[in-house]
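Enquirer: Before I ask anything, let me first share the structure, which is written out below as structure tokens.
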Amino acid sequence: MPRARQQRVELLQGTLDLLILRTLQWGPQHGHGISVAIRSSSQDVLQIDHGSLYPALHRLERQGWVNAEWKTTENKQRAKYYRLTAAGRRQVQTERDRWTRLTEAIARVLDPA
Amino acid sequence: MTWRRPWTLLRRLFLLRAQEDRDLDDELAFHVAEETRLRLERGASPEDAARAAHLAFGSITLAKETTRGVWVSGAMERLLQDLRFGFRIVSSAPVLLLSAVTLVALVIGGNTTVYSIAHAIMSKPAPGVRADNLTTVSWVRDDGFVEPETTYANYLDLAAQSQSLGPMLAYQYVRVALGHENGSYGIWAAAVSTNYFQTLEVPIALGRSFTENESQSATSGLVVVISDRAWREYFASASSAIGAAVIVNGQPATIIGVAAPDFRGTQLAPSVDAWVPFVPFTRAAGGSQPSARGMEDNLPLVGNFVGVLAQLRGDASLAQARAELTTLWERLQTQYALVPQDRSVTILPYAATAGGNSPISTQGTTFLAIFSVITILTLMIVCANVANLLLGRATVRQRELALRQSLGASRTRIVRMLLAEGLVIAVLACVAAYVFARWMSSIVADLVAPMVPPAVLQVITEPDWTVAGYSLTLALASMAFFTLAPAARVWKQPLLPWLKAGEQGVARGRSRLSSGLVVLQLALAVLLITSAGLASRSITLFATTDLGFDSRSILLATVNTGGGAVDQSTSAALLERLRTRLQSVPGIEHVSYSWSGARGSVRTETLRSGAAGESAVAATNYVGPDYLRVYGVTPVSGRELGVEAGRTITPAVVTQQLAERLWPDHPAIGRRLFFGQQREREAEVVGVAPDVLFNGNRPTGNLYVLLPSSSGLRDPGERTLYVRYQGRLDVVAPAIGRAIRTEDPRVPLVRLRTFDAELEADLWPVRALAMLLTTFALMSLIVAILGQYAVVAFDMRRRTREFGVRIALGASSHQILTAVLREGFRLTVLGLVIGFGLSVLTGTGLSRALYGITPTDPLTYGTVLLLLSLVSLTACSVPAVRASRVNPISTLRQE
């Protein structure tokens, strides 16, 4: 456990939106599902702070990149599912491009050719 | 698109908010449930799974808070949300809300009323004046005394030469008799420059205004513009009134116009009913050429001086105009010897009361300063009370706030929440204060209605947005005051002690300051109630005093001899003719007249019985024949006064008490009586009258000396005839009017009323004062009692645990009840003692104004004692009963 905690990384400011949008590209998902998906696809490195997950989801909804509807899960529970909108799909690409540019730039700074 | 935003905003705030809140709750609950399910699947025990799921999630409250923060983005939206929240919290404590709102509303409403009346009287133009750039020209003497008038010649020169001032008008009030075929009336008139109505921009409703050439020629006869009231009442609104021939103070004149309905002159008092051009009127009234230079000395004083108003030209400033007028005035001073050398000129913005020597205009700034101090003081007291109320609550809520903070609410969030609560109280209080202020000013208007001219009433009851703004500012300022203190405490409070301790564990001790404040307020309330009580008792006694004669069956008929007489002797002869004529009317027994009216100021003089004899200050009055008979009394010795013309030494009648004062143990008849410190005049006592309060109850009592009216002649003007009648008033009253018209139709009957009505009117100012005192006293009582309640309730809450322990240890609820009551009553007793002390001091200072009772009237003090004890007991019993019902088990379990 302590070892796993040491390996966890704080999310960079502004990257949560990208991760959420990317996760939703695989299909509609509820908040808990999103956090589980991010955690497992990052192999437990990225731990989502729930205090910021839901505000982020509601903000994305307000910006029109995702929309939400209440559906029943396989366990017969009511859950709020988020789904990417067309604008959201375009936004994923924009955010990805920005992320790529950022990481490349940082890499160049760290290892000057 | 823009219209959609406010709508969605409102919808989100009021309709969808509850739904969104529930959805968010569900969403987060689902998250935790799902997490728990996952952990259960991994083999954790149900309890551990739930615990771990909650731990993994972190603070749900914080997540909710932040998510809601996403919903509301605009500042306006956030403010509304805070307000909604504040209202929800505040309305959960209705008693507190009600007390706080009442407190603030009472004080702000009261202050607003006084402020609005002061503002109205001191800065508004008279009703009907439409020009908005008017200024008042006045003159300042070397000693600072402001004179509102100058000579007509000075006015003409200034008006002709000034560049920065536009049209400039002159006016002078004069009491006239206006007669026409239907009757004759005593009214206020103004002799004015012919540009009067144009300069004020007052429209003429019917007919026309004065023309330029009417300012000089008196040959074409006098022209008159009358008021709408005079037109309706004297001419039955007939259009034939224009061109009608009338008599103004004995001079033939023609009515040429009727002024706009609401206009009654440029000042609140007097209310003018007729306007005449200045020069023709003054000349006809016996003055020489008023506009001629060098004639100032020859003109009668009253006929010569005018008040001056002027329009400021659009491009000129007040300072420019003042500088220019000063230059012009100094030039006049060097040019003409008769222009006063010790006066400088100034101009002020026009208001219905500006300029002149009325106390309002000369002491306006002092009054405002005193009033502002009182406002701030009372506001501070009330704020302290509300702060006490809120602080009491804040202590109880300290733990709640600490909890909120530890659950992740930021400090700014909590302070904003507290401010929102204060804002809710302030907004409600502001609305209540405005309603209360409107209600108060209508009450004040009703109260002063019999005393003041209608223009004043109109001015003070008009809605005033400046005043609404004033009350709003006061409410918001007080809100800031009484919420910032608890809010500041939250800012720096350590969380841990509050979370660890029990509910009441850490509350600070009772504040000496707030207890002291309550005692002070109670003392002030006691002082006010006692003063009000003394005043009311005094009035009751005053009104029921035995005057020494039967005041029923006496009528007072005021006439204006100016309608039929031109000088002192014809005026006296006219009055005597009217007396004789009235005496022949059936139902009238005796008729007389006198210098001083039945009320109003009596003239007092120092009297001496001889060179080194006794002296006394007595009221002097010049009276007509049969004066004593009208009062229904007969001389104790000697005779009463008759016409008494042509006697070498003036005969006098003194009252019995005065006779005994001046000639103790000797008969007064035949003695010489000297007037003034230097014994300037003398008279011979011919009769002694019984002790009668001829002019109603006044400080001089019944020390009177009566002299024949032939020894004190006066210019024509208003005189009052005293009529003793028998039979029915509704038969006699019209007969008096007819008899006066028969004798001389030019003489108007100005007023006809009974002696009793006159005495009643005399009491009016004292009654109004008592009523005002009572109102203030009751208001201060409410404020003080609410303050006391706040302190006692706060103290009780703080000690809830102590009461719980005491009850658990066997104290009966009765013991707890008396303990709390005793605490509260200590304040009452202190307040009463200090208040009574202050009352005795004030009462002694005012003892000259109190009639028939001592400043320590036991009945008044007893009533106040009883009233305050009862009210105070009620206020304390609410928290006391609550304390006695404390459940020891639940209190102690909170630990």
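Read-outs throughout are calculated quantities, based only on the coordinates presented, and are distinct from any laboratory measurement. Every value quoted in this text rests on a predicted model; they were computed, and no experiment measured them. Heads up, the Cβs are rebuilt from the backbone with ideal geometry, glycines too, and the neighbour counts pull from every protein chain shown.
Enquirer: Give me B:383, B:430 ranked fewest to most by other Cβ atoms within 10 Å of their Cβ, as a rough exposure proxy.
Expert: Working: B:383 20, B:430 25.
Ordered by Cβ neighbours within 10 Å, fewest first: B:383, B:430.
Enquirer: Within 10 Å of each Cβ in peptide A:48-59, how many partner chain Cβ atoms are there on average? Round it to a whole number, please.
Expert: Counting Cβ atoms of other protein chains within 10 Å of each residue's Cβ and averaging gives 6.
Enquirer: I would also like to ask the following. If I model a spin label at residue B:114 and residue B:93 as a point 7 Å from the Cα along the Cα→Cβ vector, what separation in nanometres do I get?
Expert: Spacing of the two 7 Å Cα→Cβ label points: 3.0 nm.
Enquirer: Which whole-number percent gives the relative contact order of chain A, counting Cα pairs below 8 Å spaced six or more residues apart?
Expert: Values: 109 pairs, mean separation 30.5, N = 113.
Over chain A, the number comes to 27 percent.
Enquirer: Rank B:148, B:338, B:249 by how far each Cα sits towards the positive end of the charge dipole of the stretch B:134-350 (+1 on Lys, Arg Cβ; -1 on Asp, Glu Cβ) and give me just the farthest.
Expert: Positive-most Cα among the choices belongs to B:249.
Enquirer: Right, here's the next one. Report the label-to-label distance for residue B:546 and residue B:442 in nanometres (one decimal), using points 7 Å from each Cα along the Cα→Cβ vector.
Expert: Going by the 7 Å Cα→Cβ label model, 4.5 nm.
Enquirer: Given the options A:33, A:45, A:57, identify the residue whose Cα lies farthest towards the positive end of the charge dipole of the stretch A:2-110 (+1 on Cβ of Lys, Arg; -1 on Cβ of Asp, Glu).
Expert: Farthest towards the positive pole: A:33.
Enquirer: Using θ = phi - 60° and the Karplus relation 6.51 cos²θ - 1.76 cosθ + 1.60, list the HN-Hα couplings for the stretch B:640-651 in order, rounded to whole Hz, with x at every Gly or Pro.
Expert: Going residue by residue, I get 9, 7, x, 6, 6, 7, x, 8, 6, 10, 5, x Hz, with x marking Gly and Pro.
Enquirer: OK, next. Run the dipole for the stretch B:764-839 about the Cα centre, Lys and Arg Cβ at +1, Asp and Glu Cβ at -1, nothing else charged, and hand back the magnitude in debye, nearest 20. If you can, show how the numbers build up before the last one.
Expert: On the way: 8 positive and 3 negative charges, 31 e Å.
So the magnitude is around 140 debye.
Enquirer: Using Cα centres only, tell me the gap between the stretch A:87-113 and the stretch B:529-603 in whole Å.
Expert: 105
Enquirer: Give the calculated FRET efficiency between residue B:141 and residue B:212 to the nearest 0.05, with a Förster radius of 45 Å applied to their Cβ-Cβ distance.
Expert: Values: r = 34 Å, r/R0 = 0.75.
For R0 = 45 Å, the calculated efficiency reads 0.85.
Enquirer: If you don't mind, there's one more thing I want to ask. At 0.36 nm per residue, minus the direct Cα-Cα distance, what do residue B:567 and residue B:874 gain on full extension? Give it in nm, one decimal, please. Don't skip to the answer; put the middle values down first.
Expert: Values: separation 307, 0.36 × 307 = 110.52 nm, distance 7.04 nm.
Stretched fully, the residue B:567-residue B:874 segment lengthens by 103.5 nm.
Enquirer: Taking square-rooted eigenvalues a ≥ b ≥ c of the alpha carbon gyration tensor, is the stretch A:2-110 rounded, prolate or oblate, where a/c under 1.5 means rounded and, failing that, a/b exceeding b/c means prolate?
Expert: It is oblate, given that a/c is not under 1.5 and a/b is not larger than b/c.
Enquirer: Shifting gears a bit: Quick one: order B:606, B:775 by neighbouring beta-carbon count within 10 Å, fewest to most. Write out the running numbers ahead of the final one.
Expert: On the way: B:606 14, B:775 17.
Starting with the residue having the fewest Cβ neighbours, the order is B:606, B:775.
Enquirer: Among B:785-793, B:145-153, what's the highest-first ranking by average C-beta atoms within 10 angstrom per residue? Walk me through the numbers before you get to the answer.
Expert: Details: B:785-793: 26.6, B:145-153: 20.1.
Packing proxy ranking, top to bottom: B:785-793, B:145-153.
Enquirer: What nm distance separates the two modelled labels at residue B:182 and residue A:96, each placed 7 Å from Cα along Cα→Cβ?
Expert: Spacing of the two 7 Å Cα→Cβ label points: 9.9 nm.
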